[in-house]
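The values are calculated or read from the model by the stated rules, or taken from the named source; none is laboratory data. Remember, it's a predicted structure, so these values are computed and weren't measured experimentally. All Cβ positions, glycine included, derive from the backbone under ideal geometry; neighbour counts span all protein chains shown. All accessible areas refer to the heavy atoms of the entire protein, side chains included, with ligands and DNA or RNA removed. Shrake-Rupley method; radii C 1.70, N 1.55, O 1.52, S 1.80 Å.
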Amino acid sequence: MSKKTAADENDVTDSTPASGKGRPTPSRAEQEAARKRPLVPDTKEARQRQKADLAAQREKARVGMAAGDDKYLPARDKGPQRRFVRDYIDAGWHVGELVMPLMILVIVIMMVNLVMLQVYAMIVLWAYVVLVIIDMVMTSIRVKKAADKRFGGRREKGLGWYGAMRTIQMRWMRLPKPQVKRGQYPTK
């Protein structure tokens, strides 16, 4: 057995790490200098860079939303059931898609100073609105049945209303953009 000498013990203590942070504490003046920032931090270049970054992020989000990417969709459009309803609605033709063009036509007709023409235009518009409401109700019922069949009765609330509201938007104005062609209904 070997005897430990005082020199051997000093070697052991020299190899152990020193306590503390390993550097001197900065003085108060050094700390204050490190915290100093300009009163007007934004330079013209920094603002332009920030503006360009924000525009790029917005464009990426817009493209993602138009493509139907769940990451960029608002909460009302997220999920497989909402995607199913969108595809189901976008695959068919709906009376409500032409509400806006018909209303513009009626507005133009109202500018013509023929009372009988104005009366007929209003009658046609109201009859069309009734047809649109009937189509929305029927579509809502069909969407609910298709969703029940597809998802086994675990249907989210509001799918019928979601589908009905999508029917009165012109196809090219819908967001997220239609992902299916007309007649290409999702499998049930």
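Against the list (1) in a helix (DSSP H, G or I); (2) surrounded by 12 or more Cβ atoms within 10 Å (Cβ to Cβ), the condition M116 fails is (2).
Using the structure shown, decide if D148 is assigned to a helix (DSSP H, G or I) and either surrounded by fewer than 18 Cβ atoms within 10 Å (Cβ to Cβ) or on the phi > 0 side of the Ramachandran plot (or both). In short, yes.
Run down W172, W126, W161, W93 and say which single residue is of a type outside the set (A, V, I, L, M), open to solvent by 60 Å² or more (accessible area, probe 1.4 Å), more than 24 Å from M65 (Cβ to Cβ) and within 26 Å of the chain's Cα centre (by Cα).
W93
Scan A18, A29 and give me the residue that is farther than 30 Å from T139 by Cβ, modelled with pLDDT of 90 or more and open to solvent by 50 Å² or more (accessible area, probe 1.4 Å). Working first, answer last.
Numbers: A18 fails: modelled with pLDDT of 90 or more.
None of the other options fit; the residue is A29.
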